[in-house]
1. Given the criteria modelled with pLDDT of 95 or more and within 9 Å of the chain's Cα centre (by Cα), does ASP127 qualify?
2. Only one residue in VAL184, VAL188, VAL148 is closer than 19 Å to ALA75 by Cα and either among the hydrophobic types (A, V, I, L, M, F, W, C) or without any contact (Cβ under 8 Å) to a residue 12 or more places away in the chain (or both), so which one is that?
3. Do you know which of the residues in the stretch 244-269 that are over 20 Å from the mean Cα position of the chain (by Cα) and charged (D, E, K, R) is farthest from GLY133 (Cα to Cα)?
4. Quick check, is PRO121 in contact (Cβ under 8 Å) with a residue 12 or more places away in the chain, touching a Gly at 6+ places or on another chain (Cβ under 7 Å) and not charged (D, E, K, R)?
5. In the stretch 1-60, which residue that is surrounded by 19 or more Cβ atoms within 10 Å (Cβ to Cβ), of a type in the set (Gly, Ala, Ser) and within 24 Å of GLY195 (Cβ to Cβ) is modelled with the lowest pLDDT?
6. Hey, among ASP176, ASP160, which residue is assigned to a loop (DSSP other than H, G, I, E, B), over 16 Å from the mean Cα position of the chain (by Cα) and among the charged types (D, E, K, R)?
7. Count, please, the residues in the stretch 229-249 that happen to be charged (D, E, K, R) and surrounded by fewer than 16 Cβ atoms within 10 Å (Cβ to Cβ).
8. Read through the list (1) of a type in the set (A, V, I, L, M); (2) more than 23 Å from SER212 (Cα to Cα); (3) within 14 Å of the chain's Cα centre (by Cα), then give the number of the only condition that ILE139 fails.
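The values are calculated or read from the model by the stated rules, or taken from the named source; none is laboratory data. Given the structure is predicted, the values throughout are model-derived calculations rather than measurements. When we count neighbours, we look across all protein chains shown, and the Cβ atoms used for this are built from the backbone with ideal geometry, even at glycine.
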Amino acid sequence: MTGDSDLRPPLDAHVLADELALTPDLALELLPESPSTNQVAADRARAGAADGLLVVADHQTAGRGRLDRTWETPAGAAITFSLVLRPTVPATSWPWLPLLTGHTVSKALASFGYETRVKWPNDVLIDGRKVAGILVERIETDSGPAAVVGVGINVSTAADELPVPTATSLAVAHPDLTPTREGVLLGVVAAVREGYDAWQFGGAEAAARLASSYVAHCATVGQDVRVDLPGGTSISGRAVDVDIDGRLVVETADGVEKVGAGDVVHVVPE
């Protein structure tokens, strides 16, 4: 793969519009270029955008990830989108939204033939390397709180274009599979929306199914880990579960710790 525009054409606006027209609970805003789709979506939410606004950037130039990391890709090599949602579930359930997003993105990519797992809370992995990043932000608006769900997926990024050795792309992970960016975008958005609706309206039973399915497909559970916590401290131990509140349960030498936020490193035995 190269950055040649013939090999990496812009997203086909007609294909996206035609397909999304069949989904009345989604409204597309396609931008040729944007520093951050999350920022655009947050601005739209504050201005009153309804649940289901989908902001897509053909090329995102200054994306943000968790813990204020940057997320950048060559033009035409990735899909980047942010979805405005207005959850009505109790506030205590909101911490599950980032995990739900990672889980549904992972399942969507698996439907294309990729073997995916999720590193807690929501990094999507193929062969242990990150192919997709997710940033979910709560936005306060005049009409109540909204969630902006941002997703970035490396599609045709070549190995020498990846920013770190722990990253991958769909093309690098499985060159024989060649889904289009439009196909990946539509499949992932549909999976996120379907998973969100089931969680939003399915009550306790749906929440329990999500928790069980997430744990079964989480690459972190069962691993020795180091968790770098906000504030500069860290803990180490064996990740054994994800609790009902979405927290990672870690057995350490000093006892069981439940982590609600942190950066997980899977520790590989020497």
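1. When the stated conditions are applied, ASP127 does not pass them.
2. On inspection, the qualifying residue turns out to be VAL184.
3. Applying the filter and picking the extreme gives ASP254.
4. Answer is yes for this residue.
5. Within the stretch 1-60, the match that is modelled with the lowest pLDDT is SER36.
6. ASP176
7. Result for the stretch 229-249: 3.
8. Looking at each condition in turn, ILE139 falls short on (3).
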